[in-house]
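Comments concern the structure below.
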Amino acid sequence: MEKLRDENAKYRQRAQGADELAHELHTCRVEATGRLADPTDLEFSEEHLDDPQKLTAAIEELLNRKSHLAMRKPLGNIGQGVMSQGTGNVDLAGLLRAGTK
């Protein structure tokens, strides 16, 4: 009887480990879409692991209900950072002369 209990305990531990890995995989797949600020906001579902279209649909549905959960990363040129145009040299005297006219 004790041998069966030990064997059953091992299977429960393996199942718990598999569940944890499934949750982690779900979180990684949601994060890879780049649609949610926090990938844990989407509730876990095994269907999302099997079918990417269901995952996308679930994210869309969540964002339609709660738009504040969307990723807020600015895209495009927002006027910051290194600019590709110009040689990198700034003519301060030229800027001052242009401002005094």
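Some values worked out for this structure:
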item: Matching entry among Lys73, Lys101 (being within 19 Å of Glu31 (Cβ to Cβ) and modelled with pLDDT under 85); result: Lys73
item: Residue in the stretch 14-35 that is part of a loop (DSSP other than H, G, I, E, B) and either under 17 Å from the mean Cα position of the chain (by Cα) or at pLDDT below 90 (or both) present; result: yes
item: Near pairs, Cβ below 7 angstrom, 6+ apart or cross-chain, from the stretch 1-25 (surrounded by 10 or more Cβ atoms within 10 Å (Cβ to Cβ)) to any residue that is of a type outside the set (D, E, K, R); result: Ala22/Leu49; His23/Phe44; Leu25/Leu49
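Table: residues versus (1) of a type in the set (Asp, Glu); (2) under 17 Å from Asp51 (Cα atoms); (3) touching a strand residue (DSSP E or B) at 6+ places or on another chain (Cβ under 7 Å).
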position: Met1; (1), (2), (3): no, no, no
position: Leu4; (1), (2), (3): no, no, no
position: Asn8; (1), (2), (3): no, no, no
position: Arg12; (1), (2), (3): no, no, no
position: Asp19; (1), (2), (3): yes, no, no
position: Glu24; (1), (2), (3): yes, yes, no
position: Glu31; (1), (2), (3): yes, yes, no
position: Ala37; (1), (2), (3): no, no, yes
position: Asp41; (1), (2), (3): yes, no, no
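The values are calculated or read from the model by the stated rules, or taken from the named source; none is laboratory data. The shown structure was predicted, so the numbers you read here are calculated from the model rather than taken from an experiment. All Cβ positions, even for glycine, are placed from backbone atoms using ideal geometry, and neighbour counts span all protein chains on display.
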